[in-house]
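Working notes, structure below.
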Amino acid sequence: MGRITSSLFASLFVVLATSGAVACSAPAPEDGSDESSQDVVSGESCDDVSFATSSVDDTVVVSDFDRDGRGDLAIAGAQNGTIRILFQGMGASFGRTETLDTRDTGVSALASDGWLRVGMNASVFTFGGLRPDSDPSKLTQHHEFGGGNVASIAIGDVDGDGVDDLVAGVDVGIGVLRGAKDGSLGAAKRYNAPTDGAAVTLADFDGDGHLDVILANPSLSSLTYMHNDGRGGFERGVFVSTAKGPRAIVAADVNGDGKTDVLTATSSGSVSVLLGDGRGGFAKHVDYPAGRKPIALRLVKKMIVVANGAGDVTYGTLAVNPNGTLGDYAAGRSLGPAAAMTTADIVGDGGEDLVVLGSRGKGYVLASNSDGTFGRCK
């Protein structure tokens, strides 16, 4: 994959934003979506929304980019040279698609706070041209962190000014970009820490009202905790041990004691639960089997949903008990291995639906059901 320059990427974004042109440097999947899928194990047929993906897509974010009240999808991959935007039409289907050419540069992270934030190499780019109220000349931005490749992005108000900021996990620590009310981001500030930066999550772990940082370190089998100094600055991180190869993080109070806990999917085939003490410390991790290759996890109501990157089972679930322990792993739908997963209310009924990128050229929206299952199956 190539390395993209600030001027080249900015000029490309402006062209796409002002002309509506679609640029592709590699064959793209066919547009459109359909309304059915079949479980490869049980043969059960379900009324799911599916859409075409590339075999190298491995990151997805949901946001209402065109401000029509419906969640749209942005899809990309570390080995891909494009970002595809799938705009949602009526009935939770995806019709209109725009493709942004990244000049053979892979995308390592996507995030959105209304604007599309894109991590590539050691930089974060902002693309504002998808919104009808955007000023592309002002909101197409490029920020470099001066070393360390961007692996993940989190959005949150770290300096307490009421405006969301951007925190990027990089392989030397984190990069912080302060947000402004018009959607633009300030100069990058880097904070070094011992980390791989593979996943980053913001939450108040020490009870002081400020968002702290947790980073996943797959090669070190640990997390890195970084305390917020109350002004949006971060102290050098400390290690927190996990099972082997943590790669995705959820922060939530799982045992109801008012303190933020951490759950992480690991390459050892488990979910590690680390109960927080409310002062920035964590109990020893407790591990629960969670499928062959957990790659992502989300907390939906009182249930952990785990995406699997190997085998036919696409995802599974673990119930969260009142004391913070997890129930037995239950296999979900079998649509082939997942490459990425997130949750959002796509169908518009107030539930958290699963959005899954498959690794076989297809993605799915699996509508949430009241019984904790996903997909409207016959």
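Looking at the range 165-174, which of its residues are open to solvent by 10 Å² or more (accessible area, probe 1.4 Å) and either under 18 Å from residue 251 (Cα atoms) or part of a strand (DSSP E or B) (or both)? Walk me through it before giving the result.
At the first step, the residues of the range 165-174 found to be open to solvent by 10 Å² or more (accessible area, probe 1.4 Å) are 171-172.
Scanning the range 165-174 gives no hits.
For the range 126-138, does any single residue satisfy the condition of being of a type in the set (Phe, Trp, Tyr), in contact (Cβ under 8 Å) with a residue 40 or more places away in the chain and in a strand (DSSP E or B)?
Step one: filter the range 126-138 for residues of a type in the set (Phe, Trp, Tyr), giving 127.
The next check asks that each one be in contact (Cβ under 8 Å) with a residue 40 or more places away in the chain; those that pass are 127.
Subsequent filtering for residues that are in a strand (DSSP E or B) retains 127.
There is at least one residue in the range 126-138 that is of a type in the set (Phe, Trp, Tyr), in contact (Cβ under 8 Å) with a residue 40 or more places away in the chain and in a strand (DSSP E or B).
For the range 328-339, indicate whether the set of residues that are assigned to a strand (DSSP E or B) and over 18 Å from the mean Cα position of the chain (by Cα) is non-empty. Yes, there is a match, as at least one residue in the range 328-339 is assigned to a strand (DSSP E or B) and over 18 Å from the mean Cα position of the chain (by Cα). Within the range 101-119, can one find any residue that is at pLDDT 90 or above, part of a loop (DSSP other than H, G, I, E, B), polar (S, T, N, Q) and open to solvent by 20 Å² or more (accessible area, probe 1.4 Å)? Taking every residue of the range 101-119 in turn, at least one turns out to be at pLDDT 90 or above, part of a loop (DSSP other than H, G, I, E, B), polar (S, T, N, Q) and open to solvent by 20 Å² or more (accessible area, probe 1.4 Å).
Can you say whether residue 195 is closer than 24 Å to residue 250 by Cβ, at pLDDT 95 or above and of a type in the set (Val, Ile, Thr), as far as the supplied structure shows? Outline the logic, then answer.
Details: closer than 24 Å to residue 250 by Cβ: yes; at pLDDT 95 or above: no; of a type in the set (Val, Ile, Thr): yes.
Considered against the rule, which asks whether it is closer than 24 Å to residue 250 by Cβ, at pLDDT 95 or above and of a type in the set (Val, Ile, Thr), residue 195 comes out as no.
Any idea which residue in the range 286-314 is modelled with the lowest pLDDT, counting only those that are part of a loop (DSSP other than H, G, I, E, B), aliphatic (A, V, I, L, M) and open to solvent by less than 40 Å² (accessible area, probe 1.4 Å)?
At the first step, the residues of the range 286-314 found to be part of a loop (DSSP other than H, G, I, E, B) are 290-293, 301-302, 309-314.
Those left that are additionally aliphatic (A, V, I, L, M): 290, 310, 313.
From the residues that got through so far, the ones that are open to solvent by less than 40 Å² (accessible area, probe 1.4 Å) too are 290, 310.
On the way: 290: 95, 310: 90.
Within the range 286-314, the match that is modelled with the lowest pLDDT is 310.
Note on the range 77-93: among residues that are within 15 Å of residue 50 (Cβ to Cβ) and of a type in the set (Gly, Ala, Ser), the one that is surrounded by the fewest Cβ atoms within 10 Å (Cβ to Cβ) is 91.
Scanning the range 330-352 for residues that are open to solvent by less than 20 Å² (accessible area, probe 1.4 Å) and more than 18 Å from residue 57 (Cβ to Cβ) gives 333, 334, 351.
Can you pull out the residues in the range 353-378 that are part of a loop (DSSP other than H, G, I, E, B) and either surrounded by fewer than 18 Cβ atoms within 10 Å (Cβ to Cβ) or modelled with pLDDT of 95 or more (or both)?
360, 361, 369, 370, 371, 372, 373, 376, 378, listed by residue number.
The residues on offer are 213, 254, 273, and the sole one that is of a type in the set (A, V, I, L, M, F, W, C), crowded, with 22+ Cβ neighbours inside 10 Å and within 18 Å of residue 173 (Cα to Cα) is 213.
The values are calculated or read from the model by the stated rules, or taken from the named source; none is laboratory data. Remember, it's a predicted structure, so these values are computed and weren't measured experimentally. Positions of Cβ are generated from backbone atoms using ideal geometry, with glycine treated the same way; all protein chains shown enter the neighbour counts. Calculation scope for accessible area: heavy atoms of the full protein, side chains included, ligands and nucleic acids excluded. Shrake-Rupley method; radii C 1.70, N 1.55, O 1.52, S 1.80 Å.
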